[in-house]
Amino acid sequence: INPTIFAQNQPMNQSDKVNLNVDMIIMLLLIGILMIMFYFEPINIDLIALSVPVLLIALNKWTRIQPEEAISGFANKATITVLAMFIISAGIQQTGIIQVLGRKIADLTGSNHYRQVGMITGISGSIAGILNNTPVVATLIPMVNDIASKTKTSPSKLLIPLSYASMMGGMVTLIGTSTNLLASDISARLIDHPFSMFEFTKLGLVILIVG
């Protein structure tokens, strides 16, 4: 008899059940607290995010997370790539070209909502295929807010299309969205086949154009 299978089939004793429940409760509480902090932002979001591995290590007794596991994400290619995309987006924003682009869009579209949505989705969808869609949205939000303010348009009518277009644009290339990078990393580890830069570009373009 395989002792491992035999052990797995044995019912848990009462103490095991209590420990399991305590672990689950503490993890759920931790997730809930972090969600509340992300919503209300009592401190900077980046500090909240960096506190996650610290808390996981500090609560090691219940989370079962070792220090090596907690910081392993910082060695992931996907994490570094997304970080690099944020740096590039910040550099683009600092040049002032985004503000100039916003003024041009406001002049061309006026108060016509359909033209505004068309221009914003066309630009954000196209750029999100070259850069990561998350920093693209972060970079374009101030511009879209300025356009909405100048043309007396509700910001939500422009920000939601911006978000959707960026998500669909992110499907065009490997670096378009963090999900693609993570999936490529998993594929490389499991079957030794990472995705190429334009592996799903044809399908991504169809989704972007139709969307």
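The values are calculated or read from the model by the stated rules, or taken from the named source; none is laboratory data. The model shown is predicted, which means the values in this text are computed figures rather than measured ones. Quick reminder, even Gly has a Cβ in these numbers, built from the backbone with ideal geometry, and neighbours come from all protein chains shown. Side chains included, ligands, DNA and RNA excluded: accessible areas come from the protein's heavy atoms. Shrake-Rupley method; radii C 1.70, N 1.55, O 1.52, S 1.80 Å.
Is it the case, given these coordinates, that S196 is touching a Lys or Arg at 6+ places or on another chain (Cβ under 9 Å) and either more than 19 Å from T139 (Cα to Cα) or surrounded by fewer than 15 Cβ atoms within 10 Å (Cβ to Cβ) (or both)? If you could, list the steps in order and put the result at the bottom.
Values: touching a Lys or Arg at 6+ places or on another chain (Cβ under 9 Å): no; either more than 19 Å from T139 (Cα to Cα) or surrounded by fewer than 15 Cβ atoms within 10 Å (Cβ to Cβ) (or both): yes.
In short, no.
Taking region 114-139, which residues are over 22 Å from L181 (Cα atoms) and not aromatic (F, W, Y)?
R115, Q116, V117, G118, M119, I120, T121, G122, I123
Under the condition of being open to solvent by 80 Å² or more (accessible area, probe 1.4 Å) and either assigned to a loop (DSSP other than H, G, I, E, B) or aromatic (F, W, Y) (or both), which residue from region 63-88 is farthest from I130 (Cα to Cα)?
R64
Could you grab me the full set of residues in region 168-193 that are of a type in the set (A, V, I, L, M, F, W, C), open to solvent by less than 70 Å² (accessible area, probe 1.4 Å) and under 20 Å from the mean Cα position of the chain (by Cα)? First the steps, then the outcome.
Applying the first criterion (of a type in the set (A, V, I, L, M, F, W, C)) to region 168-193 yields 168, 171-172, 174-175, 181-183, 186, 188, 190-191.
Subset that is open to solvent by less than 70 Å² (accessible area, probe 1.4 Å): 168, 172, 174-175, 181, 183, 188.
If the condition is that a residue be of a type in the set (A, V, I, L, M, F, W, C), open to solvent by less than 70 Å² (accessible area, probe 1.4 Å) and under 20 Å from the mean Cα position of the chain (by Cα), then M168, V172, L174, I175, L181, A183 are the ones that fit.
What is the residue count in region 68-98 for residues that are on the phi > 0 side of the Ramachandran plot and at pLDDT below 80?
Counting residues in region 68-98 that are on the phi > 0 side of the Ramachandran plot and at pLDDT below 80 gives 0.
Mind counting the residues in region 155-167 that are open to solvent by 10 Å² or more (accessible area, probe 1.4 Å) and either touching a residue at least 60 places away in the same chain (Cβ under 8 Å) or closer than 24 Å to G91 by Cβ (or both)? Please lay out each step first, then the result.
Going residue by residue through region 155-167, those that are open to solvent by 10 Å² or more (accessible area, probe 1.4 Å) are 155-157, 159-161, 163-164, 167.
Restricting the remaining residues to those that are either touching a residue at least 60 places away in the same chain (Cβ under 8 Å) or closer than 24 Å to G91 by Cβ (or both) gives 159, 163, 167.
Result for region 155-167: 3.
List every residue pair whose Cβ atoms lie under 9 Å apart, where the two residues are 6 or more positions apart in sequence or sit on different chains, the first residue falls within region 75-96 and is more than 19 Å from L181 (Cβ to Cβ), and the second residue, located anywhere, is in a loop (DSSP other than H, G, I, E, B) and of a type outside the set (S, T, Y).
I92/L131
Test K152 against the criterion of being among the charged types (D, E, K, R), modelled with pLDDT of 90 or more and either at positive phi or open to solvent by 80 Å² or more (accessible area, probe 1.4 Å) (or both), and give yes or no.
No, not satisfied.
Looking at (1) out of contact with any Lys or Arg (no Cβ under 6 Å at 6 or more places or on another chain); (2) under 25 Å from Y164 (Cβ atoms); (3) touching a residue at least 12 places away in the same chain (Cβ under 8 Å), which is the one condition that is false for A106?
Of everything listed in (1) out of contact with any Lys or Arg (no Cβ under 6 Å at 6 or more places or on another chain); (2) under 25 Å from Y164 (Cβ atoms); (3) touching a residue at least 12 places away in the same chain (Cβ under 8 Å), A106 misses just condition (1).
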